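Undergrad: Just dropping this structure here.
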Amino acid sequence: MDLTSRLRGCVFSSPVGVASGTIGYAKEYEGLVDYRKVGAVYTKAITPEPRIGNPAPRLVETPAGMLNSIGLANVGVTAFITEKMPFLRKIPSLVMVNVAGATDSDYERVVEALDGVDGVDGFEINVSCPNVKHGGMALGTDPRLVAGITKSLRARTTKPLILKLSPNITDIGLTAEAAEAEGADAVSCINTLVGMVIDLKTKKPVLPLGTGGLSGPAILPVAVAAVYKVSRRVSIPVIGIGGITRWEDAVQHLLAGATSVQVGSGTFANPRLAQEIHDGITEWAQKEGLKNLADFHAFGR
Amino acid sequence: MKQFDAKILENRELAEDYFEMFLSWPQAVRTPFPGQVVSFWVERTVTPFLRRPFALASFQPDTRVASVIYHVRGPGTHRMAAKRPGEVIDTLGPRGFYFQPGKGRNPILVGGGVGTGPMVFAANWLASKGFRPHLVLGYRSRTLVPRLTLSTTVRLSVCTDDGSEGFHGTTVAFLDRLGPGEVDDAFVWACGPNPMLRAVHFWAHPRGIPCQVSLEEIMACGVGACVGCTVETTDGRGMVRVCTEGPVFPSEVIRWT
């Protein structure tokens, strides 16, 4: 059995990755996450300059999940290279840098700065962050803008280019197609869903910006449906994200058409989640007699 | 920091809806200090979804027994209160910057509500180091005042908002009444609701009394990855993580709002 996959020559040794924003810069989970069983680490979103992020509170727990409004807090690309890459280079997982910005030029600057950096294996382009006023989700809900940013970044790197898609859109197939048409190597779906919690005492939203991004088991069926849809609209690999807290959830993503998965906020509750899911998928594939990831996809076709 | 199964040794009610859970602390896990935090994955449920962070309330180095004092107020703590000795609880920790003595030989420790645990740990720890701490604890009413196990050299003063036990008023109103002899060579450590911590800071700071506070924020990961538990500082660091740069801070670096 071989559950590895490839993207532009990069080998994902495990179909399980850890999602951007939930693993920091990987060092935070040193000794807790077994990176030998993590195919790829998707870093915290990186912007050209450091960002302090949104005011507190940034989190609120919800039924079967949580809302976050971190606001792309990160160290900026320069400090990322000097302070965060040394550890990322040491782990066996691929390092996919999640890239964010307010303008096209922000994305271009980050990719240009990181393209030649040793240890950076590829880019996941965050056109779907619901927690910033500019860029982010506004970009990711317009297929023409997704096409434009994909084209511009494709011209700047020969490394894997993954577009992380927003579910806050009527037809996620359109943004996926736009990314594929302009040379994206894969799409990740989905980013968080827009959500709100209102405090009955103050009668106002708990989060300072009103809304935040919903993650956790609550979004599993939404994510599986998106993966199913997108994998039938594009021929590039689909990376399934959303609601995975058990290996069975990850298998659903793979059966829906994903070539690999990312575990997200489930790691917060259980730092061992990625390795448990890696082991669970492997055992299930063995039991079912599946030989590779394509065998998972054969059922739905 | 490690993720480990801690065996529950005892889970007893200290006051109305306040419990103390005693845990066996494995040899392989580092010795915790007052102010440090653990988080529990109480059960493998989807709701509640996240771990629950608590500052430790005690650690016995000889028996390697640790405890947390918690207030039953939501689904996570309800499930904790239902746990019985012999069960295990998925624990992540110990974590964070802890209280450390600096200048001063006269500790005044101020705790309110769920801030009781770390202040009890701090008081007993300081007593074991030869200090004679004054532990000032505040509650709404006498039914919430926990029965605590304190070293004989700890002086306890209880304050209640309704005057049903001890001093009638807040912990800071109590501090205001301390005589000069009682605040000589003092340092203050505090944990509790933010308004109390703010008031303690503005009591200690003008008097030149060094003050450290342990902050509480909602946390998702508890290890520094999610950047959800941030607090604004005045020392040029901007927003810092309570779980990583804290939870204990010198009170003057916090931007009190």
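Just so it is clear, none of the values below were taken in a lab; they were calculated from the coordinates. Bear in mind that the values here come from a model prediction, so they are computed numbers and not experimental data. When we count neighbours, we look across all protein chains shown, and the Cβ atoms used for this are built from the backbone with ideal geometry, even at glycine.
Undergrad: If one takes the longest principal axis of the Cα atoms in chain B, at what angle in degrees, from 0 to 90 and to the nearest 10, does the Cα axis of helix B:194-204 lie?
TA: Long axis of B:194-204 versus the principal axis of chain B: about 30 degrees.
Undergrad: What nm value, rounded to one decimal, do you get for the distance between B:Trp256 and B:Asp235 when each label is placed 7 Å out toward the C-beta?
TA: Placing both labels 7 Å along Cα→Cβ, they lie 1.7 nm apart.
Undergrad: Shielding by partners for A:45-56, please: the mean number of other protein chain Cβ atoms within 10 Å of each residue's Cβ.
TA: 3
Undergrad: Per DSSP H run of at least 4 residues, take -39500 (n - 2.57); add these up for the protein assembly as shown, divide by its residues and hand me the 222 nm value, nearest 500 deg cm²/dmol.
TA: The helix contribution divided over the protein assembly as shown gives -7000 deg cm²/dmol.
Undergrad: Averaged across A:59-66, how many Cβ atoms of other chains sit within 10 Å of each residue's Cβ atom?
TA: Taking all residues of A:59-66 together, the mean is 6.
Undergrad: Need the C-alpha centroid separation for segment A:55-73 versus segment B:140-166, integer Å.
TA: That distance is 36 Å.
Undergrad: Checking the table A:Lys44/A:Lys164; A:Lys27/A:Lys151; A:Lys164/A:Lys229 against a 23 Å threshold on Cα-Cα, which pairs fail?
TA: Cα-Cα > 23 Å for A:Lys27/A:Lys151; rest within.
Undergrad: Let me ask something else about it. I'd like the distance between the alpha-carbon centres of segment B:167-237 and segment A:204-271, rounded to an integer number of Å.
TA: Segment B:167-237 and segment A:204-271 have Cα centres spaced 40 Å from each other.
Undergrad: Classify chain A: rounded, prolate or oblate, from the alpha-carbon gyration tensor (a ≥ b ≥ c, eigenvalue square roots; a/c under 1.5 rounded; otherwise prolate if a/b is larger than b/c)?
TA: Cα axes put chain A in the rounded bin.
Undergrad: A further question on this structure: If each residue's Cβ is checked for other Cβ atoms within 10 Å, how do B:Trp189, B:Trp25 rank with the fewest at the top?
TA: If I rank by nearby Cβ atoms, fewest first, I get B:Trp25, B:Trp189.
Undergrad: Using a basic spin-label model with each label point 7 Å from the Cα along Cα→Cβ, how many nm lie between B:Thr153 and B:Thr47?
TA: My value for the distance between the label points is 5.1 nm.
Undergrad: Which Cα, out of A:Val11, A:Gln275, A:Ile190, lies furthest along the positive dipole direction of chain A (beta carbon charges, K/R +1, D/E -1)?
TA: Highest projection toward the positive end goes to A:Ile190.
Undergrad: How shielded is A:69-76 by partner chains, expressed as the average number of their Cβ atoms within 10 Å of its Cβ atoms?
TA: For peptide A:69-76, the averaged partner shielding equals 2.
Undergrad: Further question on the same structure: How high is the relative contact order of segment A:197-301, in percent, with contacts defined as C-alpha pairs under 8 Å that are six or more residues apart?
TA: 22 percent
Undergrad: For B:Leu178, A:Leu7, A:Leu59, what ranking results if the residue with the fewest other Cβ atoms within 10 Å of its Cβ goes first?
TA: Starting with the residue having the fewest Cβ neighbours, the order is B:Leu178, A:Leu7, A:Leu59.
Undergrad: Treating only the Cβ of Lys, Arg, Asp and Glu as charged (+1, +1, -1, -1), what charge dipole size does chain B show about its Cα centre? Round to the nearest 20 debye.
TA: For chain B, the charge dipole is close to 440 debye.
Undergrad: How compact and how long is segment A:165-301, expressed as Rg and Dmax of its alpha-carbon atoms in Å?
TA: 16.5, 56
Undergrad: Here's a follow-up. Would you mind ranking B:Ser67, A:Ser105, A:Ser188, A:Ser235 so that the residue whose beta carbon has the fewest other beta carbons within 10 Å leads the list?
TA: A:Ser235, A:Ser105, B:Ser67, A:Ser188
Undergrad: Classify segment A:59-140 as rounded, prolate or oblate, taking a ≥ b ≥ c as the square roots of the eigenvalues of its Cα gyration tensor: rounded when a/c is under 1.5, otherwise prolate if a/b is larger than b/c and oblate if not.
TA: It is oblate, given that a/c is not under 1.5 and a/b is not larger than b/c.
Undergrad: Continuing with this model, one more query. Among B:Val37, B:Gln3, B:Ile89, whose Cα projects farthest towards the positive end of the dipole of segment B:2-95, with charges put on the beta-carbon of Lys, Arg (+1) and Asp, Glu (-1)?
TA: B:Gln3
Undergrad: How high is the relative contact order of chain A, given as a whole-number percent (alpha carbon pairs under 8 Å, six or more residues apart)?
TA: Here the relative contact order equals 19 percent.
Undergrad: Two decimals is fine: what is log10 I(q)/I(0) at q = 0.11, 0.15 Å⁻¹ for chain B, from a Debye sum with one equal scatterer on every Cα and no solvent?
TA: The Cα Debye sum returns log10 ratios of -0.56, -1.08.
Undergrad: How high is the relative contact order of chain B? Use alpha-carbon pairs under 8 Å, at least six apart in sequence, and give a whole percent.
TA: It rounds to 18 percent for chain B.
Undergrad: To continue, here is another question. According to a simple spin-label model (label point 7 Å from Cα along Cα-to-Cβ), what is the distance in nm between A:Asp279 and A:Lys151?
TA: Roughly 4.9 nm, to one decimal.
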